[in-house]
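What follows draws every value from the coordinates through simple rules; no lab data is involved. Note that the structure is a prediction, hence the values are computed from the model and not measured. Using ideal geometry, Cβ is built from the backbone for each residue, glycine included, and neighbour counts are taken over all protein chains shown.
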Amino acid sequence: EEEEEEEEQKEEEVEGKKEVEFVHVGVGCDSCGEYPIFGKRFRCKTCLTLNPVGFDLCQSCYDKEVHKHSNIGRFNKTHMPDHEMEEFTDFTVLHELMKQHPDLTPTQIFNWLVTQYQSNEDEDDED
């Protein structure tokens, strides 16, 4: 009975959470340095074609229009004010799992994926 109450409380906490905030693992903001970028991510389409590092901004820096200034990149100094920015909307399996399991951190989801992969690999070895 006590376990059921704890489970119900956990479900209520999860249902009460806001929409999950996406984490762009491995990507930092080229202006303020936020790493990884949480929430919306914006990237420069032009810089992406000029430099594999690209040019990325978090929501806050994009809203401040820092991309309209030249030479602000932390790693890619080729960004120019006339370059075209876009919201990055290509979400990965990790993003989809974060959406489905807002109670788990990206690290917990990643660790779960690793264990699933390893168990599948172990099954393949047995065959």
query = Points 7 angstrom from Cα along the Cβ direction at residue 96 and residue 111: gap in nanometres?
reply = 2.4 nm
Alpha-carbon centroid distance for the pair the stretch 88-102 / the stretch 22-40, whole angstrom = 15 Å
request  = State the extension gain, in nm to one decimal, for the chain segment bounded by residue 84 and residue 38, taking 0.36 nm per residue of separation less the distance between their alpha-carbons.
outcome  = 14.4 nm
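How much length would be gained if the chain were fully extended between residue 120 and residue 59, taking 0.36 nm per residue of separation minus their Cα-Cα distance, in nm to one decimal? Don't jump to the answer; show the numbers that get you there.
Working: separation 61, 0.36 × 61 = 21.96 nm, distance 3.83 nm.
Once the chain is fully extended between residue 120 and residue 59, it gains 18.1 nm.
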